[in-house]
Amino acid sequence: MPDPFGEDADTGKLYMCGIIGYTGHKNSLPVLIEGLRTLEYRGYDSAGVAVCTADGVIETVKSKGRIDLLQEKLDSLEKKVEGSCGIGHTRWATHGAPSDTNSHPHTAPSLALVHNGIIENYAEIEEMLVREGYTFYSETDTEAAAKLIDYYYKKVNDPVLAMFEAADVIRGSYAFGVMFCDFPGKIFAMRKDNPLIVASNDECGIIASDIPAILKHTNSYYQLEEGIVSVLCGSAIEFFDRTGKKADQKRLTVDWNVEQAQKGGFPHFMIKEIHEEPEAIRQTVSTRLGEDGLPLFGVHELDGDKLGKFKSIHIVACGTAMHAGLVGKAIIEKLARVSVDVDVASEFRYRDPILDPDDLVILLSQSGETADTLAALRHAKANGVCTLSIVNVIGSSVAREADCVLYTWAGPEISVASTKAYSVQCAMLYLFAIQLARVKGRLDDDEARELCRRLCEDMPAQVEKALELSRDVESIARNYLAVENLFFIGRGLDSALCPEASLKLKEISYIHSEAYAAGELKHGTISLIIEGTPVVALMTQERLCEKMISGIREVKSRGATVLAVTTKEIAEKYNIPADNTVILDNVDADFAAFPLATVIQLFAYHVAAQRGCDVDKPRNLAKSVTVE
Ligand code: M6R
């Protein structure tokens, strides 16, 4: 896969929320709404706009839900919002549930502000500002930034300087778009660790979180550098550094259309999202690690004593999420020696499962809205069992209704085929397993810390290396375009990955496949292996390699064509009788699930894409299954 990004693009980083800002001669509102619509693909749960009139009055309108709801709210206002300068935002909740109040823009007496990113020390800032007489209305980290800039503006009486002063205090990441009442017609922009572009044409100036939102106006833009404040007034753009001196920025051009830009230059969202896995794993794990490098699960049921008392665990989910549960079972049982069942949610709810008050039920869900998973959660609660949800969407039903929640940080997943959400579900289950093992006295703090480090640092790096195999996998995938049936086999942890490898291939390429524990084939299914039957053997577990090699011989002697996915170390040490191999970098056997997951997803993707399938929207499927 050629690098679809230009030199200044932020490949593989996860940016949620969308920013748009307009300053010009027209009414800004329709431009803002249109810009927000081009950012919808990023996923969001609420939207809002602030518009400044020529005499410096800022009107803010925000709404939980879709942009259509925001539009309805705007339409229903008696006094129409109008002004030639405005900022808009689509929010993907991080701090505080989706709600009108938590939506952006956030305001302070002198300004309105939109923000992408996370203000880590927002609580400290709030505390300081409350002492200074400020009142806070939302649960967001962003409101602290708005009020902090206002606080400095009052002190220094200069908007650019106020933004720099606030930036000195803020820890975290941000892209800010700000309008000050005292400077009608101007937008002030600044960023750190979050992209923000500024652009202009002959008529207007635009700020945006990413390229799709500017393409209607221009294809040339500045990727704002960190440590610079940009001031836009109509089509005039100025840049200032910390000393107040004017600065230069490099102008870039892009020749993507809106759709290409939304996919970051990748041909499909699925492959873009696979490339986001390293960052998604890093973010998911790092937000749950304390300063001592150990898991930090916060308060209530997941704290030490209570966690240690759970006698057995039920993981309940659907589809890919359920498959992440299989990986979770393997690692929880190995590290913590607590027994784990994995259930399909649609069965769990009806099969009258044996639930003990000392059990824990873990619900896994990307969307948090899957009907069967939600019903299983309610069933567990009705039986008095503690429930923990691991969910990617803040404030979703499964997150809200469970007794405790651990959020994953994959960012919005657009492609129907779940990829990065699976990787982060696995990562969170690993972290959970480490914590449980620690509480159970099976790992001391140093051992636990080292496993957390591998998860947070080594795994993103391993997945990055697996992504480098994309071209090799693409060319191997060419051999599978006309295939009708295929088998995935593996042992140990690898066998937990086989069902996901099979589901991924089936759902997007429409090729039938089966997942089998390698040792189980000979009990019946091997009768289906004939001359040319393709078999993909996952073999990252060295202790089981000889057994896998016997399994490969068994199928090869019946005519199978075998692709082995293994590690360098195993490939060098063993003579694998496969027709083809994909070789991963060496990886600790217990952690092989991460790079292996990436390779099986790449395999499914490249087969489906080369077969010309509608990869992101496979037939008969919806992203979120909210019906039974
Ligand atoms: O949103 P959820 O994680 O609860 O969704 C569960 C399944 O519907 C989902 O993983 C589905 O199997 C995907 N299409 C698989 O790629």
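Each label point was placed 7 Å from the Cα along the Cα-to-Cβ direction; for Glu139 and Asn27 their separation is 3.5 nm. Put simply, the amide H of Ala515, placed in the peptide plane, has neighbours under 5 Å in Phe488, leaving out anything fewer than 5 places away on its chain.
When the trypsin sites (Lys or Arg not before Pro) in the range 330-434 are filtered for DSSP coil states and for at most 11 other beta-carbon atoms within 10 Å of their beta-carbon, the remaining sites are Arg337, Arg351.
With a Förster radius of 60 Å applied to the beta-carbon distance between Asn485 and Lys155, the computed FRET efficiency rounds to 0.25. Neighbour counts of C-beta atoms inside 10 Å place Thr135, Thr525, Thr90 in the sequence Thr135, Thr525, Thr90, starting with the fewest.
The stretch between Glu82 and Asp588 holds 176.2 nm of extra length on full extension. This uses 0.36 nm per residue minus the Cα-Cα distance. Sparse packing (at most 11 other Cβ atoms within 10 Å of the Cβ) combined with a DSSP loop state is found for the following trypsin sites (Lys or Arg not before Pro) in the range 534-628: Arg619. Based on alpha-carbon centroids, what's the gap between the range 391-440 and the range 11-70 in Å, whole number please? Centre-to-centre (Cα) distance: 29 Å.
Seen from all sides and averaged, what is the projected area of the convex hull of the Cα atoms in the range 139-270, in nm²? Over all viewing directions, the range 139-270 projects a mean Cα-hull area of 9.3 nm².
Restricting things to Cα coordinates, could you compute the convex hull volume per residue of the range 471-610 in Å³?
On the way: hull volume 12.8 nm³, N = 140.
Measuring per residue, one finds 91 Å³ for the Cα hull of the range 471-610.
If each residue of separation counts as 0.36 nm, what is the full-extension length gain between Asp341 and Glu238 once their alpha-carbon separation is subtracted? Let's see the in-between values first.
On the way: separation 103, 0.36 × 103 = 37.08 nm, distance 6.00 nm.
Length gained, Asp341 through Glu238: 31.1 nm.
Under 5 Å from the amide H of Val316 lie the amide H atoms of Asp343, Ile362, Leu363, Leu364, each residue being 5 or more positions distant or on a separate chain, with H modelled from the backbone and absent for Pro and chain starts.
Net length available on complete extension from Val130 to Asp352 is 74.7 nm, with 0.36 nm assigned per residue and the Cα-Cα distance removed. Scanning residues 5 or more positions from Leu296 or on other chains, those with amide H under 5 Å from its amide H are Leu289, Gly290, with H placed 1.01 Å from N in the peptide plane. Between Ala382 and Tyr510, the modelled label-to-label distance comes to 3.9 nm, taking each label 7 Å out from Cα in the direction of the beta carbon.
Remark: the range 236-253, residue by residue, has Karplus-estimated 3J(HN,Hα) of 8, 10, 10, 10, 10, 9, 4, 8, x, 6, 5, 10, 9, 10, 7, 8, 10, 10 Hz, where x stands for each Gly or Pro and the curve is 6.51 cos²θ - 1.76 cosθ + 1.60 at θ = phi - 60°.
For the range 24-64, run through the trypsin sites (Lys or Arg not before Pro) and keep only the ones in DSSP coil with at most 12 other Cβ atoms within 10 Å of their Cβ.
Values: sites: Lys26, Arg37, Arg42, Lys62, Lys64; in loops: Lys26.
Sparse-neighbourhood loop trypsin sites (Lys or Arg not before Pro): Lys26.
In degrees, nearest 10, range 0 to 90: what is the angle between the Cα axis of helix 493-509 and the longest Cα principal axis of the chain? Value to nearest ten degrees: 60.
Distance from the Cα centroid of the range 91-168 to that of the range 246-271 is 29 Å (rounded to whole angstrom). With a simple spin-label model that places each label point 7 Å from the Cα along the Cα-to-Cβ direction, the separation between Ser550 and Asp579 comes to 2.5 nm. Exposure proxy for Glu484, Glu554, Glu291, Glu273: other Cβ atoms within 10 Å of each Cβ, ordered fewest to most, give Glu291, Glu484, Glu554, Glu273.
How much FRET efficiency would the formula 1/(1 + (r/R0)^6) give for Asp168 and Ser475, where r is the Cβ-Cβ distance and R0 is 56 Å, rounded to 0.05? With R0 = 56 Å, the Cβ-Cβ based efficiency is 0.65. Structural descriptor for the range 269-342: relative contact order 22 percent, calculated from alpha carbon pairs under 8 angstrom and at least 6 residues apart. Remark on the range 82-183: hydrodynamic radius 13.6 angstrom, per the Kirkwood mean of 1/r across alpha carbon pairs.
Over the C-alpha atoms of the range 269-467, the Rg to Rh ratio, Rh being the Kirkwood estimate, stands at 0.95.
With a cut-off of 16 Å on the backbone N, the residues of the range 208-232 near the modelled label site 7 Å out from Asp255 along Cα-Cβ are 219-221.
With q set to 0.08, 0.11 Å⁻¹, the log10 of I(q)/I(0) for the chain, from the Debye formula over equal scatterers at the Cα positions, is -0.61, -1.08. Taking a ≥ b ≥ c as the square roots of the eigenvalues of the alpha-carbon gyration tensor, the range 548-628 is classed prolate because a/c is 1.5 or more and a/b outweighs b/c.
Only the coordinates and a few stated rules stand behind these numbers; no lab work does. Here the structure is a predicted model, which means the values were calculated and not measured. In this analysis, Cβ positions are derived from the backbone assuming ideal geometry, glycine residues included, and neighbour counts consider all displayed protein chains.
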